[in-house]
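Derivation of every value follows stated rules applied to the coordinates shown; laboratory data play no part. Note that the structure is a prediction, hence the values are computed from the model and not measured. Glycine also receives a Cβ, built like all others from the backbone with ideal geometry; neighbour counts cover every protein chain displayed.
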Amino acid sequence: MNRLIINRILFYFGLLLAIALSSISQAAPIIKIEIKDHLFYPSEFSVPANTKIKLLIINNDPTPEEFESYELNREKVIIGNSKAVIFIGPLSPGTYPFFGEFYPKTAQGKILVN
Amino acid sequence: MLPNAVILILQETLEAALLIGVLLAVSTRVHDSKRWLPIALVSGGCVAAILANQMGIISEWFDYAGQELLNALFQTIICLAIALAVWLTATIDPLNPQPGKVAAFSHCAIIIIFCAVVREGQEIILYLGGFMYTENFQKVLTGGALGFSIGASIGILLFYSLVDHSGRERRTACLVLLALFAGNMLSQSTLLLMQIDWVTQSPPIWNTSTFVAETSIFGQLLYPLVGYEATPSPIQAAAYILGVTLVTGANFMPRYYPEKKKQQVQPVRGNDA
């Protein structure tokens, strides 16, 4: 009885995982953001609505930075002189601010989705 | 520089501090030695330092998905270890604790705190490391120490407010907190999988940001405590519910499926009692 329930739970969990993994990356438009002197370049850009976007973030500073956005639900550490990839969207139209959590005073930006 | 360091380190410390507070409160029922705490803190700190040092290489794994996969793994382990720890506490007889189960509980606690410390520790180390050779290092360190102390104090406060209550109330409060923690961990791990596009993102099921903004103090406190997210996606919500169900299920299962007599007289294994 006990084992039957556990088996069933495992089965549904596996099923959920399989569905989730079946939709692995189709090619998404790439947007490049560079970090230099704790600033984002570009700090503001537009992306189309309802589209998955691949953000390629290049940190040119020697210090690490953390890309963070509450609106996008994203958070990722990018160590100094390296690059990182973050997927966002599909998003509904609106403004989505992001910031560098390690240097929030200067590292600010926003994504305009239209 | 200083206020930012306080907030950042506080945010990172809070999750582990709250977890430690609850686990310590739970373990008063189990009557184990509290040796798991220093073991987990020290080993977690060391591994966090190694991972922070190697973050450049780790980040590039699986086509720049390494960081997310590693953190998602830690979060999933935390969730499962919480469920196991809750199941153990539900089956341990507080008047006559079985040494094997008490040792197993200690091991679960080590795993939980170890993973939490590794996850948050590496971020703290990377952050502080970035200021190492700048004139601001002293300020950032002071701010960090302040943030850490506030986080630790909140954990201690939680512990004492939990042990202050009678057995039944305390057990319920601990169970609720641990279930929400587990849900939060699983939900966060799906978010990381969305970030690397291993799971497709779908539109949020609701938006409560006008109600409680994630940037507000209340939102910032709710995030580590119950995993508050203003715009969760359906998969995130499902993962949250799964985590909560796992832990509550682990608590109530022994009640409905009591162990057989044979299993109760297992040979004594651990020596952690």
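Rounded to whole numbers, the Karplus 3J(HN,Hα) couplings from phi for segment B:148-159 are 4, 5, 5, x, 4, 4, 5, x, 5, 4, 4, 4 Hz, using 6.51 cos²θ - 1.76 cosθ + 1.60 with θ = phi - 60°, and x at Gly and Pro.
Amide H to amide H, with H built 1.01 Å from N, residue A:47 comes under 5 Å of A:112, A:113, A:114, counting only residues 5 or more places away or on other chains. Here each label is just a point 7 Å from Cα along the line to Cβ, and for residue A:92 and residue A:43 those points are 2.9 nm apart.
In this structure the amide hydrogen of residue A:34, modeled in the peptide plane, comes within under 5 Å of the amide hydrogens of A:41, A:58, none closer than 5 places in sequence on its chain.
By definition, a body whose alpha carbon gyration tensor gives a ≥ b ≥ c is oblate when a/c is 1.5 or more and a/b is not larger than b/c, and segment B:45-149 fits this oblate description. Taken along its three principal axes, the alpha carbon spread of chain B comes to 62, 42, 38 Å, from the longest extent down to the shortest. When you count the other C-beta atoms within 10 angstrom of each residue and take the mean per peptide, A:28-38, B:46-56 line up highest first as B:46-56, A:28-38. Working note: Karplus 6.51/-1.76/1.60 with θ = phi - 60° gives segment B:171-184 the couplings 4, 5, 4, 5, 4, 4, 4, 5, 5, 5, 4, 4, x, 4 Hz, where Gly and Pro are set to x.
Relative contact order of chain B: what whole-number percent is it, with Cα pairs under 8 angstrom and at least 6 residues apart? Across chain B, relative contact order equals 33 percent. For segment B:1-27 versus segment B:132-204, the inter-centroid distance based on Cα atoms is 6 Å. Of all stretches in chain B that contain no chymotrypsin sites (Phe, Trp or Tyr not before Pro) in a DSSP loop with at most 13 other Cβ atoms within 10 Å, the longest one is B:1-132. Volume of the convex hull of segment B:1-71 (Cα atoms only), normalised per residue: 125 Å³. Against chain B, whose longest principal axis is taken from its Cα atoms, helix B:217-226 shows a tilt of about 40°.
Of A:76/B:101; A:32/A:105; A:54/B:139; A:52/B:139; A:76/B:34; A:83/B:139, which ones are farther than 31 Å apart at the Cα? From the list (A:76/B:101; A:32/A:105; A:54/B:139; A:52/B:139; A:76/B:34; A:83/B:139), the Cα-Cα distance tops 31 Å for A:76/B:101; A:54/B:139; A:52/B:139; A:76/B:34. Residues whose amide H falls under 5 Å from that of residue A:98, counting only those 5 or more places apart or on a different chain, are A:109, A:110, A:111, with hydrogens built in the peptide plane.
Across the options B:209, A:4, B:70, the greatest Cα extent toward the positive end of the charge dipole of the protein assembly as shown (unit charges at beta carbon of Lys, Arg, Asp, Glu) belongs to A:4.
Shape call for segment A:26-113 from the C-alpha gyration tensor, a ≥ b ≥ c root eigenvalues: rounded (a/c under 1.5), prolate (a/b greater than b/c) or oblate?
prolate
Phi-derived couplings, Karplus 6.51 cos²θ - 1.76 cosθ + 1.60 at θ = phi - 60°, listed residue by residue for segment B:55-63: 4, x, 6, 4, 4, 7, 4, 6, 6 Hz, with x used for Gly and Pro.
Inter-chain Cβ neighbour count for A:74-82, averaged per residue, equals 6 (cutoff 10 Å, partner chain atoms only).
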